[in-house]
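See structure below.
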Amino acid sequence: MAQERGTEVGAGTPDEISLNRGAPIQIVSAWCLPLAWDTLQADWAAYKPYTARQSIYCLSREAMRFTAGARSLRVMSRPVYGRQIRFVRKISLQLLVSFRGFPDQRPSQLATGQGLCLRKDEMSLAEVAVSNLRCVERAELVLHPGHNLIWGENGSGKTSLLEAIFLLGRGRSFRTRNSERLIRYGEERLVVFGRTAGTPEQTLGIQVSSAGGTLARIGGTATSSLAELSQAFAVQVIDPGVHKLVEEGGHRRRRWMDWAVFHVEPQFVDTWVRYTRTLRQRNAALKIQPAQASAWNPELARLGEHIAESRRRFVERLQPYWHEAVSVLSGLEAELRYLRGWPQGMGLLEALVASKARDEARHLTHPGPHRADLVVELKGRPAREVLSRGQQKLVAVAMTLAQLYLLQEQTQPSLTLLLDDPAAELDRRRFQGFIESVMRLKCQLVSTSLERESHLFGTPDRVFHVEQGEVRSV
């Protein structure tokens, strides 16, 4: 066995447990690049306290050593990448430690670690490490909880860094629905890791590969759904394509609504995940055994009614914030109207029964909250039919800012707002109103600019320069 080139474990951390002599253990350490998505196994040679939350240095992709006092836990791991990766910044990890083969121990003794934490304390993003995302091969940013400015020429990688941050909170990009397109040319996967500041600290990680799709972890625990990321790290974006929120189909506005409802009503995540799974099952039955599809109707209707009602409550709460924001930013008398996804005057179960023949003919479920929409109207007409591109952008920005005002005042989560080239295409007469509206938000801000001396939102607390995918703090 090759000699390990090791790491040191920080001492004096809380949440300690004790291991029995010779106990086989399993350590899931997904938050250091060299060992991403790998499971490490070893035997603990003696009784020794072991902390569930530690900070380490990772120096090699080949092996690592955890040192606790005078004794070591020796761990070997298979390589994850084809070449050595140097990632020597000290980062905070949360290790999930689980035990196997000890039936005499209670379940509470069999596991430790922070796991998935959804507390809404101060949760600004403190650090982010990016690997193989578009033109960015390797990058590390230590962010300020206030205003962070990323500047550089067009094509330098500014927006790619915003995409990396967005990935941590959403599991996808705001520029493309196909996450595999984000992978750097010639590479098999991209990886993004982040650490939030606050109490408690939170570690987030996401990997996108051409073979394995998208995988995410929160606090060392694999997520069952990417929707869980939204509660762990609240991030929103305003970019040059924000007008698509008004211009394009209902899928964008449903996703926009659901992200906010995830924070207003935390139980919505579980309902949404279960509804999505049930819908897939019903659609699969419609393709294979149409006669059996109705067996899924009661569960689909029950979950769908809950989703529709949660969205309705959100839109109702949003209205005063929306009217103020759209007036300040656009001067238009635009309205938001929620459509739940099936006809008024009947329940979803009744709508599913009425749609039976149509569903079986097209092998697809038609009624339900997956067909809902939040229609933007101007004097009773769809806004996308009567507004210019610039006006659509102002209306979409007003929707987003109203959403953030609502979340901050009613749920008080810590938010991170990404602004990609915020001055692009915005009406200059309304731009000052936009700046003032953003400054009203008490959130972490990460903005991009072509110029280093950008003071649209005051003097930046931290500045980064990007050139050909390489990032440095200035």
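Which is modelled with pLDDT under 95 and either buried (at least 17 other Cβ atoms within 10 Å of the Cβ) or acidic (D, E) (or both), of E309, E305, E265? Only one candidate passes the filter, namely E265. Selection of helices (runs of 4 or more DSSP H) fully inside the stretch 364-474 by the criterion of at least 2 residues being buried (at least 22 other Cβ atoms within 10 Å of the Cβ) and not hydroxyl-bearing (S, T, Y) returns 389-410.
Considering V326, V353, the condition of being in contact with a helix residue (DSSP H, G or I) (Cβ under 9 Å, 6 or more places away or on another chain) and touching a residue at least 60 places away in the same chain (Cβ under 8 Å) is satisfied by V326 alone. Among the residues of the stretch 180-199, the one identified as within 29 Å of C443 (Cβ to Cβ), out of contact with any Asp or Glu (no Cβ under 8 Å at 6 or more places or on another chain) and surrounded by fewer than 20 Cβ atoms within 10 Å (Cβ to Cβ) is R181. The single condition from (1) in contact with a His (Cβ under 8 Å, 6 or more places away or on another chain); (2) within 28 Å of E153 (Cβ to Cβ) that L426 fails is (1). Applying a threshold of 7 Å to beta carbon distances and a minimum spacing of six or more residues, or different chains, the list of pairs starting in the stretch 145-172 at a residue that is over 18 Å from G219 (Cα atoms) and ending at one that is assigned to a helix (DSSP H, G or I) and modelled with pLDDT of 95 or more reads I150/K158; I150/L161; G152/K158; E163/L182. Pairs meeting the criteria (first residue in the stretch 229-249 and under 16 Å from P422 (Cβ atoms) and without any contact (Cβ under 8 Å) to a residue 12 or more places away in the chain, second residue surrounded by fewer than 23 Cβ atoms within 10 Å (Cβ to Cβ) and hydroxyl-bearing (S, T, Y), beta carbons under 6 Å, at least 6 apart or on different chains) are lacking.
Can you confirm whether D258 is modelled with pLDDT of 95 or more and not basic (K, R)?
yes
The values are calculated or read from the model by the stated rules, or taken from the named source; none is laboratory data. Because the structure is a prediction, the values reported are computed rather than measured. Ideal geometry is used to build each Cβ from the backbone, glycine not excepted, and the neighbour counts take in all protein chains shown.
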